[in-house]
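*Asks:* Can you keep this structure in mind? I'll have questions shortly.
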Amino acid sequence: MVFDLFYRPMIIAALLLGYAGLLSLIVPMALYRAPWVVRAPMLAIGLWRALSGSWLVSLVLAGLGMTVPWLQYEALVDLRRPVPEGSVGLLCTAVLAFAGLGLAGSIMVRAGYAVRRELVLAWRQQRSHAAGLALIGRTAPDLEAVVVQQDVPAAYCLPNPDRRRRIVVTTGAMQALSPNQLQAVLAHERAHLDGRHHLLTGIADGLARAFPGVPLFDQARGQIAMLVEMVADDAASGLFGRPATAGALVNLARASLNAPGLAAGEVAVRQRMERLLMPPAPLTMPQRAVGTAAALSAFMPPGVALSGACVPLAMLVVVGARLLQVG
Amino acid sequence: MTGPREIPRLGELEAEVMRQLWRRTAPATVREVADELPRERPLAYTTVMTVLDNLHRKGWLRRELDGRAYRYEPAIAEEEYSAELMRQALGPTTDQVAAFTHFLQRMSPDEVEALLQAYRQLAREAERPELGPKA
């Protein structure tokens, strides 16, 4: 009885914390730059997201689990049952509960705040930029894009600043590309918009900013940024061929030499180009199934912990009822 | 709230007037601007005058007194504004937030050279029939 009420929740919480620690360090090392990743970028993205979500859920559950012993105490008092022999002191359980709530709360608040900030800041910049584009850009209906008269080569998309998605391409970029290559670039950008990749990268960026000490999120951010480019490359290649997409990469890189240099962003161009020119074999169905199972299994530990917490949760309801003065 | 890199935004009418003035080759009066506006939105003279005055106040336009009326012309060249807009899209963003998804991120000249070399080598290898898709 003592074990069930007091020690089991603490063991579960400790196990969850250990699992989160494993996730933050060991598992990303295995996933990072694994050779199969470029063969199934969408699946890899899913895995990174599953790991990130599982880390958050595990920590929140661990924190909530730490409140259970104190809730048990309260429930026993409320039900006028005697406190079993050998159970932990009330003060100790109260301290644990306080710490647990602090942990769960701070994880949720930190993650929520950082992700929201990331998305809002990006949206504001996109909105301001869209207004500027309305002023100087010319819509090219045949291209479904906005053309800007500038020598500096650039092709990018603006997701959703005012419910109108835009693809922007400069005359400098158009001059550097063949018609087929230009179409490939536009298809690549359209894939970003269709797949809402700005949400994927925005959330990954936000979590990395929220938890800077955790290698998992830092690696997830870099990998997801690269992988969404590969997903968009696949979409473009499917429509206009890999040589056109690879050629667009190279021609735009060449053209950017003439334009004044600006700060370099994250560059995974080598991997993208190698992947386009020497396409790796896609994963087989069984391999995909294993990958999907792996992603889902990331949630198993917290799921099991939750089910193991059923009895204490019932106690939680009793205490809650008392607090709300019902019954 | 405006940071140093934030491009100022204009209302729809202000934008239309700005575009028109960029198209012109000489400074224009309120009457001339109003006449040139698309016919499907006939506007009061005072409305156009207010818009031009606002734009001047915000620093978009210069004006000179010609007799009793002002003549307005752009204070910022279209090219200059356009270049600034592209700099916003390409340059390091405020707070390092990646708001724009580029087809190709900016690369240093060394990186470009390395990419071109790799491309030439890969293109040569890809033509060899025995090198199929990587397993």
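*Asks:* So which pairs qualify, if the first residue must be in region A:39-54 and of a type in the set (Ser, Thr, Tyr), the second must be outside any helix (DSSP H, G or I), the Cβ gap must be under 7 Å, and the two must be at least 6 apart or on different chains?
*Replies:* A:SER54/A:ALA298; A:SER54/A:PHE299
*Asks:* Is it the case that some residue within region A:195-217 is farther than 23 Å from A:GLY112 by Cβ, open to solvent by 20 Å² or more (accessible area, probe 1.4 Å) and either in contact with a Gly (Cβ under 8 Å, 6 or more places away or on another chain) or within 11 Å of another protein chain (Cβ to nearest Cβ) (or both)?
*Replies:* To start, the set of residues in region A:195-217 that are farther than 23 Å from A:GLY112 by Cβ comprises A:195.
From the residues that got through so far, the ones that are open to solvent by 20 Å² or more (accessible area, probe 1.4 Å) too are A:195.
Filter again for either in contact with a Gly (Cβ under 8 Å, 6 or more places away or on another chain) or within 11 Å of another protein chain (Cβ to nearest Cβ) (or both), leaving A:195.
Yes, there is a match, as at least one residue in region A:195-217 is farther than 23 Å from A:GLY112 by Cβ, open to solvent by 20 Å² or more (accessible area, probe 1.4 Å) and either in contact with a Gly (Cβ under 8 Å, 6 or more places away or on another chain) or within 11 Å of another protein chain (Cβ to nearest Cβ) (or both).
*Asks:* Look through region B:101-127, keep the residues that are modelled with pLDDT under 85 and assigned to a loop (DSSP other than H, G, I, E, B), and return whichever of them is most open to solvent (accessible area, probe 1.4 Å).
*Replies:* Across region B:101-127, the extreme among qualifying residues is B:GLU127.
*Asks:* If we keep just the residues of region A:255-278 that are at pLDDT 70 or above, within 26 Å of the chain's Cα centre (by Cα) and facing another protein chain (nearest Cβ under 7 Å), which is most open to solvent (accessible area, probe 1.4 Å)? Spell out how you get there, then give the answer.
*Replies:* Narrowing region A:255-278 to residues at pLDDT 70 or above: A:255-259, A:268-278.
Filter once more, keeping what is within 26 Å of the chain's Cα centre (by Cα): A:268-276.
This time we only want the ones that are facing another protein chain (nearest Cβ under 7 Å), so: A:269-270, A:273-274.
Working: A:VAL269: 5, A:ARG270: 106, A:MET273: 0, A:GLU274: 63 Å².
Per the criteria, the residue is A:ARG270.
*Asks:* With in a helix (DSSP H, G or I), under 15 Å from A:ALA294 (Cβ atoms) and modelled with pLDDT under 90 as the only criterion, which of A:ALA14, A:ALA34, A:ALA62, A:ALA30 stands out?
*Replies:* Working: A:ALA14 fails: under 15 Å from A:ALA294 (Cβ atoms); A:ALA34 fails: in a helix (DSSP H, G or I); A:ALA62 fails: under 15 Å from A:ALA294 (Cβ atoms).
On inspection, the qualifying residue turns out to be A:ALA30.
*Asks:* If you don't mind, there's one more thing I want to ask. Could you tell me which of the residues A:ALA176, A:ALA187, A:ALA154, A:ALA140 is out of contact with any Lys or Arg (no Cβ under 8 Å at 6 or more places or on another chain), under 27 Å from B:ALA77 (Cβ atoms) and more than 9 Å from chain B (Cβ to nearest Cβ)? Full working, then the answer.
*Replies:* Details: A:ALA176 fails: out of contact with any Lys or Arg (no Cβ under 8 Å at 6 or more places or on another chain); A:ALA187 fails: under 27 Å from B:ALA77 (Cβ atoms); A:ALA154 fails: more than 9 Å from chain B (Cβ to nearest Cβ).
The conditions single out A:ALA140.
*Asks:* Mind checking which residues of region A:140-168 are out of contact with any helix residue (DSSP H, G or I) (no Cβ under 7 Å at 6 or more places or on another chain) and either surrounded by 15 or more Cβ atoms within 10 Å (Cβ to Cβ) or hydroxyl-bearing (Ser, Thr, Tyr) (or both)?
*Replies:* A:ASN160
*Asks:* Moving to a separate point now. If I ask for residues that are in a strand (DSSP E or B) and more than 17 Å from A:HIS188 (Cα to Cα), which ones from region A:141-175 would you list? Talk me through it step by step, then tell me what you get.
*Replies:* Kept after step one, since they are in a strand (DSSP E or B), are these residues of region A:141-175: A:145-148, A:155-158, A:166-170.
Listed by number, the list holds a single entry, A:VAL148.
*Asks:* Could you please find all residues in region B:51-108 being in contact (Cβ under 8 Å) with a residue 60 or more places away in the chain and β-branched (Val, Ile, Thr)?
*Replies:* B:THR93, B:THR94
*Asks:* With the condition being over 19 Å from A:LEU276 (Cβ atoms) and either in contact (Cβ under 8 Å) with a residue 40 or more places away in the chain or not small (Gly, Ala, Ser) (or both), I'd like the helices (runs of 4 or more DSSP H) fully within region A:181-265 carrying at least 2 qualifying residues.
*Replies:* On the way: elements: A:197-210, A:215-240, A:242-256.
Correct list: A:197-210, A:215-240.
*Asks:* Please work out if B:GLN96 is more than 17 Å from A:ALA255 (Cβ to Cβ), modelled with pLDDT of 85 or more and open to solvent by 60 Å² or more (accessible area, probe 1.4 Å).
*Replies:* no
The values are calculated or read from the model by the stated rules, or taken from the named source; none is laboratory data. Everything quoted here is computed from the prediction, not taken from an experiment. Please note: Cβ atoms are built from the backbone with ideal geometry, for glycine as well, and neighbour counts cover all protein chains shown. Calculation scope for accessible area: heavy atoms of the full protein, side chains included, ligands and nucleic acids excluded. Shrake-Rupley method; radii C 1.70, N 1.55, O 1.52, S 1.80 Å.
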